[in-house]
Structure formats: C-alpha cells, structure tokens
1. What would the Debye formula give as log10 I(q)/I(0) at q = 0.16, 0.21, 0.22, 0.24 Å⁻¹ for the alpha-carbon point model of the stretch 130-212, no solvent?
2. Give the cross-link partners of LYS23 among the lysines, using a straight C-alpha distance below 23 Å as the criterion and excluding same-chain residues fewer than 8 apart.
3. Grab the beta carbon distance between ILE265 and ARG172, set R0 = 51 Å, and tell me the FRET efficiency rounded to 0.05.
4. Wrap a convex hull around the Cα atoms of the stretch 84-174, take a quarter of its surface area, and give that in square nanometres.
5. Any chance you could run the full-extension gain for LEU179 through ASP322? It's 0.36 nm times the residue separation minus the Cα-Cα distance, nm to one decimal.
6. Expressed in nm to one decimal, what extension gain is obtained for the pair ASN31 and LYS162 from 0.36 nm per residue of sequence separation less their Cα-Cα distance?
7. May I ask you to derive the FRET efficiency for LYS196 and LYS252 from their Cβ-Cβ distance with R0 = 25 Å, giving the value to the nearest 0.05?
8. In nm, to one decimal, how far is the modelled label at ARG274 from the one at LEU290, with both set 7 Å along Cα→Cβ?
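The values are calculated or read from the model by the stated rules, or taken from the named source; none is laboratory data. None of these values were measured; they are calculated from a predicted model. Note: ideal-geometry Cβ built from the backbone for every residue, glycine included; neighbour counts use all protein chains shown. Surface accessibility is based on the protein's heavy atoms, side chains included, excluding ligands, DNA and RNA. Shrake-Rupley method; radii C 1.70, N 1.55, O 1.52, S 1.80 Å.
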Amino acid sequence: MPPKKKQEEAKKTLLGRPGNNLKIGIVGLPNVGKSSFFNTLSQTDLGKAANFPYATIDPEEARIPVPDPRFDWLCEVYKPASKVPAFLTCIDIAGLTAGASTGAGLGNAFLSHVRAVDGIFQCVRAFDDAEVIHVEGDVDPLRDMQIISTELRLKDIEWVEKELEKHKKNARSLGNVSLADKAKKEEAATVEKIYKILTEENKDVRKGTWTNKEIEVINSLTLLTAKPITYLVNLSERDFVRKKNKWLPKIKAWIDENNPGDSLIPFSVALEERLVTMSDEEKIEEAEKLGMGKINPSALGKITTAGYASLDLIRYFTCGPDEVRAWTIRKGLKAPQAAGVIHSDFENKFVCGEIMAFEDLKEFGSEAQVKANGKLRQQGKPYEVQDGDICYWKSGHAVAFLPTSGEPRGGFTLPYTSLTLHALTPASEGSPAHIYCQVDESDAVRLPAGGVGENGQIQEGLMGGMNGHGYGSSADGEDGEEEYAEMREVRLYVEAEKLQPLFSALSSCSALHASLLPSGEPSSFGFFPSNDDIDDGEGEWSDADEEDDGEQDGEGEGEGGEEGGAGRSIDPVSRFESLIDWGSVPKPLGWDEDAEEVAARVEDAPEP
Ligand SMILES: Nc1ncnc2c1ncn2[C@@H]1O[C@H](COP(=O)(O)OP(=O)(O)OP(=O)(O)O)[C@@H](O)[C@H]1O
Ligand SMILES: [Mg+2]
C-alpha cells in the first residue's frame, strides 16, 4: 500500500490549462521588436529538410515548426512521402504599457490576450537605436521587465481579490460536515495562499510551492503569473555577434532575483531578419563572414525549442513510408490520450500501442532489429508516453492477436499480427461468409510478401466500395484534409473447413465485437470463457509473441487444435459454425486466381 501512495504523490500535476494544443504569446513593451520577431518566426523554415505545411492561422497567430534532429533522422531513414514536424503555436500580442492593469494603453484587452495563451515569450529590448522610439524614453531593460512583471502581478492580485471576496461571502454558509463544504474551505485556503505569495512574498504564482490540489485551484483561475516565461533579449546585430551587451549580466541578475530558474535567450531581431531569406548554407557562410565560426547563427530554433519545453510539451512519432510525423502532447500523458491526438477513435477504442524508443531504433538501425532485441514493446493503457517514442496504435472494438506465419497456433496463420474484428457476415447470394476486419497495414508490411496465410484467403478490394475502405477521417481538428489511412478494413474470406482452426485461434482472444456473437449474447466480453471460468491462468491478452502457457496445446500441429477442450464450458467453434450456412456459399465476384482452388470447392458445394 504505502509505496503505491508514494508513487501517486510523485506524479506532479502540471501548472496551466490541461491539453495538448497550447500556445505561447509574445509579450513586451511597444516597439521592442515583437512583431518583427514574430514575422521572422513565421517565415522561417526551421525544418528545412522537411516539406511541411506551416500554417499562418491569421496575421497574429502562426504554427512554427520546432526543430528536432531525431525527426530529421527519421525522415532520412523512412524517406516518407510526407513529413510533418512538431509545431509550436505562437501569437503576437500588442505592446503592453505601464498601467495596463488599470486600463492604460490597450489595458484589459491586452491582458485578456495574455490570459488566453499558455506561456510567454517576453521580448526585452536591449538594442540601442535612436531611430526606434522607446515608449519610456530610453533603453532600460530592467525597468521594462519590472513594468511587465508589475502589471501581470497587479492583474493577478485584482483577480485573486475578487475570488477571495466570493469565498468570504460563501464562508458563512459552510458547515463542518459535508465533503463539499470541506472542499470549498480548502479552496478558500488555497486562494488565500496564492494571495500571500503575490502580495507578501512578491513572487509570481509559478514560483510558489504547491500541492497537486492547490495546482488544480490555480489552474481554474488562469492566472497570468502562473504562465512560464522565456526571456528573449533583443540585441543589436553587432552585440549579438560579439556576444557582448552591457545589459545582459544585469538582466540575468534581475531574473535570478525575481524569477529564478526562468530561461534567458539573447538574440537579434535585426540579424534574424537578414537571415530569414537565406538557405542553411548561406546562413553558415554569413556566420563565418561575421566571425562567429562555422555555425548556424540563428537563435530561432533555440527559442522555439525552449518555448515548447516551457509548456511541458513533448512529442512522439509515427513513422512509415507514407508519413513521418511528430505529434505534440503534454508530458505525463497516458497512451490512450496520446493516441487520441491523432484521432479520437484511437483513444475511445484504444487497445494497445506497439512502441519503441527513438534511441533504440537509432542504435539497432531498423524496426526488425529493435524487435529482435526485445525493445519493441506492446504497451497498454497505463503506459506513459515518453518524449521520442515511436508508436503504432492499435484500436478497435476488440483485437484478436493471431499467430504470424512463423508461429502458427491452432493451425492457422495470417499475414497480419493483429486483426480488429468488426462483423461476421453469413453467406448470402453472391458472397461467401466473411469477416470484416480492420488491419494495421504496418503489420502487413513487416511480414513476408505474399499476403495470404497458409489457410486463409484474404481478399481486398473485392466487393466494391466496402473493401479496402480507408479507416481514416480527419486526423487533426484544424486542417481537415489530412487523412489517417494506416488502418483499413478488409474482408477475410475463409475456406469452410479452415474455419475451425481460425476460430480456435480466435478463442484465445480476450474479447470479440458483439456483432461476431450469436444474437442474444449478453456481452461482447462474455462470449469466451473468462479467466474466472477457466483455471488456466491465461493472461488478458493472447499474443503471438507471448510464451505459450500450455493452454494452446494444438500449436503448430495443424488443423483443429484443441481449443474449447478440457476445462471450457463453451465450445466457440460450434457456436461460430452455427452462424454460417457453408453449404450455400457461391463463388464470389472477382474471386482471384490465388483463390481458384477455394472457388472450385465453393462451386462444388451442393445447392441448398
Ligand atoms: N535588434 C534590433 N535592432 C535594431 N532595430 C530593431 C531590432 N529589433 C527590432 N527593431 C526595430 O524596432 C522597430 C519596432 O519593432 P516591432 O514593430 O517589431 O515592435 P513591436 O514590439 O511589435 O511593437 P508594438 O508593440 O508597437 O507592436 C522596428 O522598426 C524594428 O525594425
Ligand atoms: Mg507589434
């Protein structure tokens, strides 16, 4: 018991709005270079190797690709048709003026824009240029930082005061008994604590020490000073190149004193503006000309990477010949929710993920080698996705893990390691009995060519519209055109006499979709004997890779198997067979040559 509790406590709730679709806002006094910085960001082609669509959502909002050498490496290796890196959504916010919290300048409108973002790039002017007017008269980054810090804190104080009032009003009606009242009191205490941090301790809310419960209260208040800040110090090109500026040490000292731990990145908008139209080679040439050495002189990649990390964002990859793509998620997300950023079906019908770490793929060189070294893992719902994971999600109503060609079980092999079973259609005129399955094509390509297992016939694209039907729908809420087509439906046609071994194999699955069951079955999970019914200690998943536990005694020994035998009260094979009138199976349209033998037998079948 105790260790479990400890573990739960170790899991810290994250500050900030929950979700994966987080935005960072560029904040600063007027005329410090925010818009120029935003423009260079939104024009930049940070993942140059990648041919991605970066989208300017509107003039003030842009999705900026976040550079990642791992992504570049994956693109090299998979050579996919489409490459989609991770993005950071950036918003250009109008300048803030002293007194904004009381309505000066754009005042509250400005602050509501800050409230709407999840993190802050604070642009600090440290360049001298008489031509560029400073609203405060002269260049003084410390004063500017103080102004912004003060305005954000004042606004938070005002906001928290209102909240305190509300709690005080309610307090009189609260008792000591009900749990709800107790929770209200706790919440009031937290609001009190937030107030003290801001007023007495003079700290930003994110610099306080909070319990998970307190963080939930903070998150519900969307406080400005709870948002992470990355300080971007805008230098003249000359100062940036020579790495010298009289303000920098002072700015660092100010941060250490006021907001210890926040990151500081010096850059030069003036230089970035010149670099933005150059190719990578030209940028390096330019750096050499400036005496900076053989480097990419731009700081934009560093900035987006820091902003992405400040929001606790990480990425996992999906890789294949069609697409290599990075998916942005919040740190700490479990597998189903992480899969859900691709498609909500992946979350709602989550089955498992086949996951390898990027480092393992890089070390072993190929997926096959990763697998051979036992580093390709099947992960279930509790798995916390790690930065750099390469994932294949499996979803569906239920998945049957069928033996692959190397490891026959119950005498049946298929060219897929897993099938999601949707429906079993009894024979009708013009069509034999078949099972609608959903297969993950990434499974198929990993297995030997040929496609058809020893005993089954898989026909794709046979019966018109419904076969080979892409399972995709909009993958990404924002740009509805991208389809996620990795999963597809196929019909699996099976010779009558081979049906029994197939069902034997299926009988080792933990669950099947309700439509596969005889009508009147109470639940899709109750069809096969549950673990409680059978005394065989079989785990929840039956997987071809799993060690045989003795129950599959027919393994590799051809037809029939012994499933449904000793210890099982239900015989799945006869149940399935009772569903189908195999005697009336006519030759299906377009039955291909591979299936000739099958077709002949089907034709020979006696008329009903
Ligand atoms: N490092 C730099 N060196 C010299 N000039 C710069 C530098 N950075 C920005 N500028 C100049 O400062 C001026 C103001 O920049 P910009 O319009 O981007 O500021 P802003 O912060 O967006 O202002 P506002 O709050 O009014 O929208 C521009 O003329 C820009 O070219
Ligand atoms: Mg601007």
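1. -0.72, -0.99, -1.03, -1.12
2. Those lysines meeting the cut-off are LYS12, LYS34, LYS48, LYS83, LYS155, LYS207, LYS227, LYS302, LYS331, LYS334.
3. Computed FRET efficiency for ILE265 and ARG172 comes out at 0.55.
4. Averaged projected hull area, Cα only: 9.7 nm².
5. Numbers: separation 143, 0.36 × 143 = 51.48 nm, distance 5.35 nm.
That works out to 46.1 nm of additional length.
6. 43.9 nm is the gain from fully extending ASN31 to LYS162.
7. On the way: r = 28 Å, r/R0 = 1.11.
It comes out at approximately 0.35.
8. Rounded to a tenth, the inter-label distance reads 0.7 nm.
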